[in-house]
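Since the structure comes first, as structure tokens, the remarks are kept for the end.
All of the numbers you see were taken from the coordinates with simple rules; none came from a lab. The structure displayed is predicted, hence computed values, not measured ones. Ideal geometry is used to build each Cβ from the backbone, glycine not excepted, and the neighbour counts take in all protein chains shown.
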Amino acid sequence: MRLAVWSGPRNLSTAMMYAFGHREDFTAVDEPFYAAYLAKTGLIHPMGDQIIASQPTDPDQVISGLLAPTAKPHVYHKHMSQHMIDGIPRNFIEECTNVFLIRHPARVVASFSAKYDNVTLDSIGFVQQHELCTQLTEKGMPAIVVDSADIRRDPETALHALCDAIHLPFDPEMLSWPAGPHPDDGVWAAHWYGAVHKSTGFAGEEGPLPEVPDELQHLVDGAMPHYLAMRERLLAIT
């Protein structure tokens with residue numbers, strides 16, 4: 001199985017990669033289009049030069065790697081939806097099992113803006129995530145949507161439901177992992193993964209929604225229709 005999991009920034013994406021990567025039957029790939037995204041946009045990101053040096057910048061080369069055979073039965077692709085800009089082909093997703101990991105826009109904007117200046121609607125990935133989901137559903141292909149709040153509320157039940165949905169046996173090894181860096185981490189982990197490197201499992205349930213500064217509220221408003229549309233396909237967690 002090629003399991004492509006699509007998230008925006010400041011979600012459970014790294015913890016989910018660690019959960020699946022802790023299974024004996026999975027390997028993982030961390031944000032494979034990050035270097036291509038930076039090379040094409042010219043955006044300045046923390047550790048940008050190191051990122052570009054660490055990965056292919058040719059999207060076709062990235063895709064060939066993603067679709068190549070792997071040493072283990074399954075591979076987990078941790079994708080950032082905002083990386084899927086014009087010039088990066090999207091049809092390869094139809095050769096993968098696709099999961100969309102969503103989070104309330106207010107939480108994403110509040111968290112991302114604390115780590116990165118000049119946040120835009122494009123940089124939080126909701127539009128691209130919804131486009132990818134629609135690409136699949138319009139062709140009658142599965143597009144599984146999971147809210148990170150459900151995973152944090154009850155990781156075992158949520159991951160059981162997700163594994164059932166993708167026809168994969170649940171493995172309790174997914175519920176915990178060793179503290180510290182992961183062998184599949186991208187080079188950018190030193191800047192972004194501090195909190196998850198201290199973790200050994202999923203964080204607990206989140207509290208009330210954060211207050212978003214007035215000057216960033218337009219990002220929440222712009223993302224909400226895409227978030228709500230994807231929530232209509234939300235996986236039932238029972």
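At a glance:
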| quantity | calculated |
| --- | --- |
| Size of segment 2-231 as Cα extents on the principal axes (Å, biggest first) | 46, 40, 40 |
| Cα gyration tensor shape of segment 1-102, rounded if a/c is under 1.5, else prolate or oblate by comparing a/b with b/c | prolate |
| Sorted largest first, extent of segment 55-108 alpha carbons per principal axis (Å) | 38, 28, 21 |
| Overall form of segment 99-178 per C-alpha gyration tensor (a/c, 1.5; a/b vs b/c) | oblate |
| Rg ratio (alpha-carbon, reference 2.2 N^0.38 Å) - segment 41-168 | 1.16 |
| Extended-chain gain in nm, criterion 0.36 nm per residue less alpha-carbon gap, Ala149 and Val187 | 10.9 nm |
| Expected-Rg normalisation [2.2 N^0.38 Å, Cα atoms] applied to segment 108-238 | 1.18 |
| Along principal axes, Cα extents of segment 161-238, largest first, whole Å | 40, 34, 25 |
| Sites Ala195 and Asn91 - FRET efficiency at Förster radius 35 Å, r taken between beta-carbons, to 0.05 | 0.50 |
| Positive dipole terminus of the chain, leading residue within Ala39, Trp177, Phe126 (C-beta point charges) | Trp177 |
| Helix-only mean residue ellipticity at 222 nm for the chain, each DSSP H run of n ≥ 4 adding -39500 (n - 2.57), per residue, nearest 500 | -11000 deg cm²/dmol |
| Calculated FRET value between Ser54 and Ala165, using beta carbons and R₀ = 45 Å, to 0.05 | 0.85 |
| Neighbour cut-off at most 10 other Cβ (10 Å), DSSP loop, trypsin sites (Lys or Arg not before Pro), segment 37-131 | none |
